[in-house]
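S.K.: I'd like to ask some things about the structure below.
The values are calculated or read from the model by the stated rules, or taken from the named source; none is laboratory data. Nothing here was measured: the structure is a model prediction, and the numbers come from that model. Note that we place each Cβ from the backbone using ideal geometry, even for glycine, and neighbour counts take in every protein chain shown.
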Number of protein chains: 4
Amino acid sequence: MGEAAVKSKGEPSQPRKLSRAARRQQLIEATIETIAERGYARTTLTDVANRAGLSHGLVNFHFETKERLLTETLMFLSEEYRANWVAALAAAPDTPALQLDALIRADFNPEICTPARLAAWCAYWGEAQCRPLYQEQCGSNDDAYFRAMLDICERLAAEGRYRYNPTLAARVLRVTLEGVWLDMMTMNSPYSRAEALTTVYACAAAFFPDHFTQDGPTAAA
Amino acid sequence: MGEAAVKSKGEPSQPRKLSRAARRQQLIEATIETIAERGYARTTLTDVANRAGLSHGLVNFHFETKERLLTETLMFLSEEYRANWVAALAAAPDTPALQLDALIRADFNPEICTPARLAAWCAYWGEAQCRPLYQEQCGSNDDAYFRAMLDICERLAAEGRYRYNPTLAARVLRVTLEGVWLDMMTMNSPYSRAEALTTVYACAAAFFPDHFTQDGPTAAA
Amino acid sequence: MGEAAVKSKGEPSQPRKLSRAARRQQLIEATIETIAERGYARTTLTDVANRAGLSHGLVNFHFETKERLLTETLMFLSEEYRANWVAALAAAPDTPALQLDALIRADFNPEICTPARLAAWCAYWGEAQCRPLYQEQCGSNDDAYFRAMLDICERLAAEGRYRYNPTLAARVLRVTLEGVWLDMMTMNSPYSRAEALTTVYACAAAFFPDHFTQDGPTAAA
Amino acid sequence: MGEAAVKSKGEPSQPRKLSRAARRQQLIEATIETIAERGYARTTLTDVANRAGLSHGLVNFHFETKERLLTETLMFLSEEYRANWVAALAAAPDTPALQLDALIRADFNPEICTPARLAAWCAYWGEAQCRPLYQEQCGSNDDAYFRAMLDICERLAAEGRYRYNPTLAARVLRVTLEGVWLDMMTMNSPYSRAEALTTVYACAAAFFPDHFTQDGPTAAA
DNA sequence: GATGAATGAGCCTTCATTCAT
DNA sequence: GATGAATGAAGGCTCATTCAT
């Protein structure tokens, strides 16, 4: 869309006018980055607008209120996350171990697991406890995720002679995945992504030793 | 806490003068409750003062700035948490399994594990990612906690013939404890505290089957 | 007014191109209605554009600024009002009583005396006091109106043996006409238009009992 | 309230702290003056605060919102107006003519009939038409006023042999009083207050010639 | 001509902080 | 110590105006 029409602020060329959907997406990305950098409590519309290289009036033009911008950003993150693991499950072979492997690896997809997105997730979690609206937005996806995890664990349990309630295994796996995410954010010197993955595999192996080792699914699986 | 932390709203029971320390503690408790109820981002000094039944100006008199009130509240929570598990370890027999059991049970101490404190912790976590100051405040305690956990796991590993790196086991145990905390806050219909404890024991049992079952340490331990 | 002032909202009946004058008139009518509905202070160009079923930018295209739109709307109302009573006087027989009758009835012409126009007049009056520009726009017409009224009252006074200064009578008649207009706007349960007319006739009769009764001009007049 | 504690801006000495009621009254007076000078639509809280020589934050401290400041200012004007005529009636002899005289003169009380108050009344009238809240605030007082006026007119009618329905006379008197008020505001070169009073008396005399002349109540009354 | 995205000035509002009492 | 009125900076929001398409 031609270089002439650019009001550059050092960014790559930006068209003066964009479709409604494209601008909204641009602002949502800027919101994620701003929350990641400054935290939820200190994020202002001016910050978001500056980061997007747009005027702050435009934010209200596209989202009406700050509240709606934040809510829609959370909805976007939530939906993006869901789409990611749903796609990963669909692409994986339909054996329980490989399904679980796909579910675990989905969380480490570099498209999803960026520092900014992780930080934004943390910030929303912190606020969600006292915001029924936020809990609503995420709740249904969380439920679906846990049901998928539980289903896989039950199928794994049916295949081996494991000692634990699949519900417990599924829960520990889920919170372990969450936990290593949080670690990547909050620890001063976090361990590597590879070690995070090893940690989750070790957890899977502890519950399903026939199907997993700390390096991933066993050949038998 | 204890009897000093009166919380009335102009009733005669409110002593006009209280020791500096008692007033500070009263305000810190009010801060925890306010953050739990309204979230970090929407907590104002007026909220805190109202909840404590004190005047607006008194908060600044005792804490200088809002920033310091919030920081000192976090330090209090952090120190309270640390004192709790340190005391639990000291009171428990010095076998690794019973030490781990004590560490796990410490997290479920009703004095520590109140809804308001859980919610406040979540809120601080959400903010901590982009606040080096907050990370500092918690970092050292977290490190100490993890080192204690790791030490126990290494001793357990030395006692049994377990397959996993003690570091991985310690990490999974830690994030599982964290995770069930988070669940208690953020899930729409959280499971019971008893089931949370079972979950953690199941995790311990998965890594250390000779020492733990999902009901707690084995008799042998 | 008339057929040109179509007012649809994107329906096919809206011609894409309209003469400059017709578009302006359409926007002026929308302005009157908007002021009537939302008040002067809360009227925005977006409101006006929406009501006219036109785009936001078109208002500025036709009127340059909001100020000019509002001023020209007032000028239109003022001129419309003037044209109405001038025509009424011209159409009436040239006896002072029938001229006064015509002047009174002109104010009740349903084309002029619509709820929206009354409300808009009130709103402009409220603002006019501190807007020399508005006072200017209306002043000359007001003066002409009062001079016409005064002239008639002087001719009536010359015909009868009335006790009052014609200036006072003219002034009371004028403010009474204004007053019943205001009543129709501002009272919670206003009296009927017929009763408003009776009120004005009673006022005329009080000053000119030989020429008027509360039902209108006497037969002798 | 010594001179030392003054933060002068050229105004006479102003105490740093004032009772709640006094500050509110001060801000209400500043609001009246601001509306009179700039009109309702252009009145900002900064204007009001500047005129009162106070910070704009204080306005919200005492009135919560701009809306409430404006509403309470209207309520004050309304109550002040009512108290004025009620007191005037109470102080006058209890004959209908002298009661009417008192009611008429009350409107010309220099305390009430200041340029700023007249202008503010006009501005509120202009907005009231589309603000049910404003109409409510004034409605009851208006009703009481009109009932008092009507009662007097009925007593006058009972004493003389007048031709007109007392309701019509009362209505014309009321709108005439209103009308000369408006004239004092909106005409470019308004007539004198004395002439306004004469106008109202002439109106009274036209309806009640035995009791009034254009100079006031007759000796007989 | 017409549209609506984009801008930015100005306003209301909130709230941490100060300070006279 | 304690109170609460007062301040002023900063943020969200509105909206008149501009302008690329």
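S.K.: For D:C130, indicate whether it is assigned to a loop (DSSP other than H, G, I, E, B), within 9 Å of chain C (Cβ to nearest Cβ) and either touching an Asp or Glu at 6+ places or on another chain (Cβ under 7 Å) or farther than 16 Å from D:S78 by Cα (or both).
M.R.: Details: assigned to a loop (DSSP other than H, G, I, E, B): yes; within 9 Å of chain C (Cβ to nearest Cβ): yes; either touching an Asp or Glu at 6+ places or on another chain (Cβ under 7 Å) or farther than 16 Å from D:S78 by Cα (or both): yes.
Spelling it out, D:C130 is indeed assigned to a loop (DSSP other than H, G, I, E, B), within 9 Å of chain C (Cβ to nearest Cβ) and either touching an Asp or Glu at 6+ places or on another chain (Cβ under 7 Å) or farther than 16 Å from D:S78 by Cα (or both).
S.K.: So which residues in segment B:77-102 are under 17 Å from B:N141 (Cβ atoms) and either surrounded by fewer than 17 Cβ atoms within 10 Å (Cβ to Cβ) or out of contact with any Lys or Arg (no Cβ under 8 Å at 6 or more places or on another chain) (or both)?
M.R.: Hits for segment B:77-102 are B:S78, B:E79, B:E80, B:Y81, B:R82, B:A83, B:N84, B:W85, B:V86, B:A87, B:L89, B:A90.
S.K.: While we're here: Could you say which residue among A:T218, A:T213, A:T114 is polar (S, T, N, Q) and within 12 Å of chain B (Cβ to nearest Cβ)?
M.R.: It is A:T213.
S.K.: Looking at segment C:138-169, which of its residues are within 10 Å of chain D (Cβ to nearest Cβ) and part of a helix (DSSP H, G or I)?
M.R.: C:C138, C:G139, C:S140, C:D142, C:D143, C:F146, C:T167, C:L168, C:A169
The rows are residues; the columns are (1) under 19 Å from B:A41 (Cα atoms); (2) among the hydroxyl-bearing types (S, T, Y); (3) touching a helix residue (DSSP H, G or I) at 6+ places or on another chain (Cβ under 9 Å).
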| position | (1), (2), (3) |
| --- | --- |
| A:I112 | no, no, yes |
| A:W121 | yes, no, yes |
| A:Q135 | yes, no, yes |
| A:N141 | no, no, yes |
| A:M149 | no, no, yes |
| A:I152 | no, no, yes |
| A:G160 | no, no, no |
| A:N165 | no, no, yes |
| A:R171 | no, no, yes |
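S.K.: What is the one condition in (1) more than 25 Å from C:A128 (Cα to Cα); (2) more than 16 Å from DNA strand E (Cβ to nearest atom); (3) not β-branched (V, I, T) that D:N109 does not satisfy?
M.R.: Failed condition: (1).
S.K.: Next question, about the same structure. Please state which of the following conditions C:D142 fails to meet, knowing it meets all the rest: (1) under 20 Å from C:L197 (Cα atoms); (2) out of contact with any strand residue (DSSP E or B) (no Cβ under 8 Å at 6 or more places or on another chain).
M.R.: Condition not satisfied by C:D142: (1).
S.K.: Now a separate question. Which of the residues that make up segment B:61-70 are more than 9 Å from DNA strand E (Cβ to nearest atom) and within 14 Å of chain A (Cβ to nearest Cβ)?
M.R.: B:L70, the sole residue that qualifies.
S.K.: Within segment C:113-155, track down each residue that is under 16 Å from D:C122 (Cα atoms) and polar (S, T, N, Q).
M.R.: C:Q129, C:Q135
S.K.: Right, something else. For the subset of segment A:33-76 comprising residues that are outside any helix (DSSP H, G or I) and surrounded by fewer than 19 Cβ atoms within 10 Å (Cβ to Cβ), which member is farthest from DNA strand F (Cβ to nearest atom)?
M.R.: By that ranking, first place goes to A:G53.
S.K.: Every residue in segment C:20-44 that is within 14 Å of another protein chain (Cβ to nearest Cβ), within 13 Å of DNA strand E (Cβ to nearest atom) and hydrophobic (A, V, I, L, M, F, W, C), please.
M.R.: Correct list: C:A41 only.
S.K.: May I pose another question? Give me the residue from segment A:112-129 that is surrounded by fewer than 18 Cβ atoms within 10 Å (Cβ to Cβ) and over 9 Å from the mean Cα position of the chain (by Cα) and, out of that set, nearest to A:T71 (Cα to Cα).
M.R.: A:A116
S.K.: Being modelled with pLDDT of 95 or more, on the phi < 0 side of the Ramachandran plot and assigned by TED's automatic domain parsing to the domain that holds A:R171 narrows it down to one residue among A:A90, A:A49; which is it?
M.R.: A:A90
S.K.: Would you check which residues across segment C:38-77 are touching a residue at least 12 places away in the same chain (Cβ under 8 Å) and among the charged types (D, E, K, R) and list them?
M.R.: Listed by number, the residues that qualify are C:D47, C:R51, C:K66, C:E72.
S.K.: So which residues in segment B:193-217 are closer than 13 Å to B:G179 by Cα and of a type in the set (G, A, S), if there are any at all?
M.R.: If the condition is that a residue be closer than 13 Å to B:G179 by Cα and of a type in the set (G, A, S), then B:A196 is the only one that fits.
S.K.: Given the structure, is D:L58 near DNA strand E (Cβ under 9 Å from one of its atoms) and either within 14 Å of another protein chain (Cβ to nearest Cβ) or not small (G, A, S) (or both)?
M.R.: Working: near DNA strand E (Cβ under 9 Å from one of its atoms): yes; either within 14 Å of another protein chain (Cβ to nearest Cβ) or not small (G, A, S) (or both): yes.
Yes.
S.K.: Please indicate, with yes or no, whether at least one residue in segment C:174-181 is in contact (Cβ under 8 Å) with a residue 40 or more places away in the chain and either more than 7 Å from every other protein chain (Cβ to nearest Cβ) or under 19 Å from C:L89 (Cβ atoms) (or both).
M.R.: Yes, that holds for at least one residue.
S.K.: Is it true that D:A119 is among the small types (G, A, S), more than 11 Å from every other protein chain (Cβ to nearest Cβ) and farther than 20 Å from D:S19 by Cα?
M.R.: no
S.K.: Still on this structure, please answer the following. Does D:A206 fit the bill of being closer than 17 Å to C:R163 by Cβ and surrounded by fewer than 19 Cβ atoms within 10 Å (Cβ to Cβ)?
M.R.: Criteria not met by D:A206.
S.K.: Take A:N84 and decide whether it is within 19 Å of the chain's Cα centre (by Cα) and either of a type in the set (S, T, N, Q) or assigned to a helix (DSSP H, G or I) (or both).
M.R.: Spelling it out, A:N84 is indeed within 19 Å of the chain's Cα centre (by Cα) and either of a type in the set (S, T, N, Q) or assigned to a helix (DSSP H, G or I) (or both).
S.K.: If you check D:L197 against the conditions, is it of a type in the set (A, V, I, L, M, F, W, C), surrounded by fewer than 18 Cβ atoms within 10 Å (Cβ to Cβ) and either within 11 Å of chain C (Cβ to nearest Cβ) or in contact (Cβ under 8 Å) with a residue 24 or more places away in the chain (or both)?
M.R.: Considered against the rule, which asks whether it is of a type in the set (A, V, I, L, M, F, W, C), surrounded by fewer than 18 Cβ atoms within 10 Å (Cβ to Cβ) and either within 11 Å of chain C (Cβ to nearest Cβ) or in contact (Cβ under 8 Å) with a residue 24 or more places away in the chain (or both), D:L197 comes out as no.
S.K.: Mind checking whether some residue in segment A:74-87 is over 28 Å from B:G126 (Cα atoms), at pLDDT 95 or above and more than 11 Å from DNA strand E (Cβ to nearest atom)?
M.R.: Within segment A:74-87, one or more residues are over 28 Å from B:G126 (Cα atoms), at pLDDT 95 or above and more than 11 Å from DNA strand E (Cβ to nearest atom).
S.K.: Yes or no: C:L58 farther than 21 Å from D:Q129 by Cβ, in contact with a Ser or Thr (Cβ under 9 Å, 6 or more places away or on another chain) and aliphatic (A, V, I, L, M)?
M.R.: So C:L58 does not fit the description; no.
S.K.: Within segment B:92-112, does at least one residue satisfy the condition of being assigned to a helix (DSSP H, G or I) and over 28 Å from A:P209 (Cβ atoms)?
M.R.: Within segment B:92-112 (the criterion being assigned to a helix (DSSP H, G or I) and over 28 Å from A:P209 (Cβ atoms)), the answer is yes, since at least one residue qualifies.
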